[in-house]
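The values are calculated or read from the model by the stated rules, or taken from the named source; none is laboratory data. This is a predicted model, so every value here is computed, not measured. Positions of Cβ are generated from backbone atoms using ideal geometry, with glycine treated the same way; all protein chains shown enter the neighbour counts. Accessible surface areas use protein heavy atoms only, side chains included; no ligands, DNA or RNA. Shrake-Rupley method; radii C 1.70, N 1.55, O 1.52, S 1.80 Å.
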Amino acid sequence: MGFLNNKWMRAAVPALLIHCSVGTVYCWSTFKEAVAEKIGMDAFSVGWAFSLAIFFLGMSAAFVGKLVERDIHKSSLISCICFSLGMVGTGLFIQFTSGIFALIGIYLCYGCIMGIGLGIGYLTPVKTLMLWFSDRKGLATGISIMGFGLAKAIATPVMMAIKDSLGISAMFYILGAAYFVIMFIGHLLLKKPEGWVEPDAKGSDFKPLSMFKDKTFVGIWIMFFINIHCGLALITYETQIIKTVFASSLALTALIGIVPSITAAVNALGRIGYSSISDKMKERNTVYKIIFTSCIAVSALAFVTGAISIDSGTNAFIIGAIVIALLLIVNLGYGGGFSTLPALLSERFGMDRISKIHGLALSAWAIAGLTGNNMSELILKNTNNNYNLVLIAIAVLYAVALVVCITMVGKKAKQK
């Protein structure tokens with residue numbers, strides 16, 4: 001079985017199997033309205049299941065780092081069980097209950113149980129990848145986290161086909177079973193390199209929460225949070241933005257159908273592209289400077305031209321180009337921010353406790369999952385759907401992130 005003991009079969013392939021499964025959380029908008037209709041609740045209330053899934057993803061990752069460091073096989077199995085059980089449980093509550101009881105069940109299964117599986121599954125393969133690809137850490141994490149981004153593009157048409165032919169509950173049952181098999185194979189294949197021994201946790205004086213006293217870590221946490229918050233503030237409204245801008249266009253139906261797939265592909269490209277580029281840079285933090293600068297520029301351009309407005313008066317072709325550029329560049333940076341993070345953290349703090357430190361950083365994702373799309377929802381509800389104010393908000397926040405990136409994260413110190 002020597003052909004199995006290499007970096008691709010023991011790290012890259014299992015990481016892709018796990019991340020391509022758990023990444024389907026971003027398919028939520030594909031079936032959210034169908035779930036709401038089936039249980040007799042409004043879409044806004046049902047939408048909190050996604051926010052809870054992201055919250056529990058981040059918080060479980062923040063507290064499971066010690067387990068991942070000690071036993072990746074136990075953590076990968078827990079992830080497989082929780083994720084699959086959450087999906088199947090969601091289907092059961094949708095099929096056999098309705099109203100508030102169904103909503104609570106979905107929050108519990110999709111939001112909490114599946115969210116925990118998400119967080120553990122997201123974190124588990126990352127250190128193993130960086131150990132196997134020690135000279136190309138950015139490429140390694142980019143491969144894995146690209147799978148998380150590609151999951152939406154791969155799974156969306158499958159979910160739609162099952163939902164339309166067999167129903168929403170059957171979709172959750174079938175996918176829950178399928179992802180259990182896929183993640184279990186990843187669990188069996190995942191293995192750290194021969195000879196790697198984890199530092200003995202006994203007697204260690206490392207206190208994870210003490211990281212929040214470290215200026216560099218706090219800076220990374222803030223800029224990671226802002227990147228996700230702003231990304232979700234825009235990405236979760238892609239369809240509505242397209243409808244607003246191209247309301248009178250004959251191409252509207254086609255755009256609504258293809259834009260989510262294109263942005264998902266670009267999101268995945270950002271994950272492997274930015275992280276791979278960071279391997280060639282003397283300073284990985286430069287990637288975040290590029291991300292924030294490009295997002296500030298395109299957000300400001302969209303605001304100045306009034307692009308997201310059906311009465312902007314600007315040439316329709318220019319409007320369309322600006323809006324598409326906005327969605328693509330924000331998605332590119334959103335994905336790149338995720339994939340470059342583990343390598344940046346290892347560059348600043350070393351590899352010994354990278355799973356614990358990475359997990360703590362992912363708590364920023366938990367908070368951003370609650371704030372990002374809800375910031376846009378609040379602005380749009382109180383301003384008669386004025387997307388220009390959303391653009392102002394994210395441009396200002398990206399500027400804050402750029403300042404933090406330069407002043408708090410700075411240049412790398414001597415690696416530990």
Sulfur and carbon atoms: percent of accessible area, the range 1-157 [1.4 Å]: 70
Gaussian network model of the chain, Cα within-10 Å springs - most flexible of Glu347, Glu198, Glu238: Glu198
Label-to-label distance, nm, for residues given as Lys412 and Asn382 (7 Å Cα→Cβ offset): 4.3
Projected label distance in nm at Val197 and Ser294, using a 7 Å step from Cα toward the beta-carbon: 4.4
All-pairs Cα distance distribution in the range 320-371, expressed in whole percent, bin size 5 Å: 4, 17, 19, 19, 16, 11, 7, 4, 2, 0
Separation in nanometres of the label points that stand 7 Å from Cα toward Cβ, at Glu37 and Val218: 5.0
Mean separation of Cα contacts under 8 Å, 6 or more apart, over the residue count of the chain: relative contact order %: 26
Helical contribution to [θ] at 222 nm, DSSP H n ≥ 4, -39,500 (n - 2.57), averaged over the chain, rounded to 500: -25500 deg cm²/dmol
Alpha-carbon Rg/Rh ratio, for the range 113-158, with Rh computed the Kirkwood way: 1.06
Charge context of Gly65, other residues only, Cβ under 9 angstrom, K/R +1, D/E -1: +2
Proximal lysine pairs, the range 318-416, alpha carbons under 27 Å, eight or more residues apart or interchain: 4
Modelled FRET efficiency - R0 35 Å, Ile104 with Thr244, Cβ distances, 0.05 increments: 0.55
Sites excluded, chymotrypsin sites (Phe, Trp or Tyr not before Pro) in DSSP loops with at most 15 other C-beta within 10 Å, longest stretch of the chain: 207-416
Sorted largest first, extent of the range 1-105 alpha carbons per principal axis (Å): 54, 27, 21
Note, ³J(HN,Hα) from phi for the range 117-133, Karplus 6.51, -1.76, 1.60, rounded to Hz, x at Gly and Pro: x, 4, x, 5, x, 5, 7, 3, x, 5, 5, 4, 4, 5, 6, 6, 9
Long-range amide H partners of Ser309 with built H, under 5 Å: none
Rounded accessible area of Val181 (nearest 10 Å², 1.4 Å probe): 80
From phi via Karplus (6.51, -1.76, 1.60), per-residue ³J(HN,Hα) for the range 349-361 in Hz, x at Gly/Pro: 10, x, 9, 3, 10, 5, 5, 5, 5, 4, x, 4, 5
Summed residue charge, Cβ within 10 Å of Gly47's Cβ, Lys/Arg positive, Asp/Glu negative: -2
Overall Cα dimensions of the chain - principal axes, largest extent first, Å: 63, 52, 38
Average accessible area per residue (Å²) across the chain - probe 1.4 Å, nucleic acids and ligands excluded: 41
Environment charge of Arg284, counting only residues whose C-beta is closer than 11 Å and scoring Lys/Arg +1, Asp/Glu -1: +4
